[in-house]
Amino acid sequence: MKRSKTMELGVGLFMLAGIIGLIFLGLRVSGLSLASSTQTFHLEANFANIGSLKPRARVTMAGVTVGRVESIELDTEWYDARVVMKLDSDLEGQISRDSTAAILTAGLLGEQYIGLSIGGDPETLADGETIRDTQSAVVLEELIQQFVSSMANS
């Protein structure tokens, strides 16, 4: 009887460890975390077309992930997409005013993310300011449509 209880306890602990491992793996893959970091700052950028960019998409600099897209909304003044990015606090005061934000695609049909390129201006962007120089997403369907219509006109 005692051996059966010990076996059941061991199996129960093994199952609990497996479930905790799956939760941890799911959080890591999705980019979420249980601890909310307060060591961030926000920048905004307006794009004419964001393609399939989603909240929580990566923000990279030189290929290194330095933040995430926090929100995407329509700017009703200019009718552009306003993207709010949450960046690591290490970069605060390091991103120059003439920096560029571009929507890039990982591979041919991969996920879209924002790539930041630093400019040379000695003045930097503060928390909540807007990156002015942006490059919209390249939408594959639009490129195909342009190619087909140019072939039909030839």
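The values are calculated or read from the model by the stated rules, or taken from the named source; none is laboratory data. Small disclaimer: the values here were computed from a predicted structure and weren't measured. All Cβ positions, even for glycine, are placed from backbone atoms using ideal geometry, and neighbour counts span all protein chains on display. Each accessible area value is taken on the protein alone, full model and side chains, heavy atoms only, with ligands, DNA and RNA left out. Shrake-Rupley method; radii C 1.70, N 1.55, O 1.52, S 1.80 Å.
Computed about the Cα centre, the dipole magnitude for the chain is approximately 1340 debye when only Lys and Arg (+1) and Asp and Glu (-1) carry charge, each at its Cβ. Full extension of the chain between F24 and Q39 yields a length gain of 3.2 nm, computed as 0.36 nm times the residue separation minus the alpha carbon distance. Rounded to the nearest 10 degrees, the angle from helix 140-153 to the longest Cα principal axis of the chain is 40 degrees. Spin-label model, R3 to T100: label points 7 Å out along the Cα-to-beta-carbon direction sit 7.2 nm apart. Of all beta bridges that DSSP places with both ends in the chain, some 75 percent have antiparallel geometry. Which FRET efficiency value, to the nearest 0.05, do you get for F147 and L108 by plugging their Cβ-Cβ distance into 1/(1 + (r/R0)^6) with R0 = 22 Å? Calculated value: 0.90. Using a probe of 1.4 Å on the protein chains alone, the accessible area found for S154 is around 120 Å².
What fraction of the Cα pairs in the range 1-145, stated in percent, has a spacing above 17 angstrom? Here the tail beyond 17 Å accounts for 67 percent of pairs.
Counting only alpha carbon atoms, the long axis of helix 2-30 and the longest principal axis of the chain meet at about 0°. Summarising the label geometry, the points placed 7 Å from Cα in the beta-carbon direction at K54 and I118 lie 3.1 nm from one another.
Relative contact order of the chain: 24 percent, from C-alpha pairs under 8 Å at least 6 residues apart in sequence. Each of K86, K5 has its accessible area taken with a 1.4 Å probe; listed largest first, they run K5, K86.
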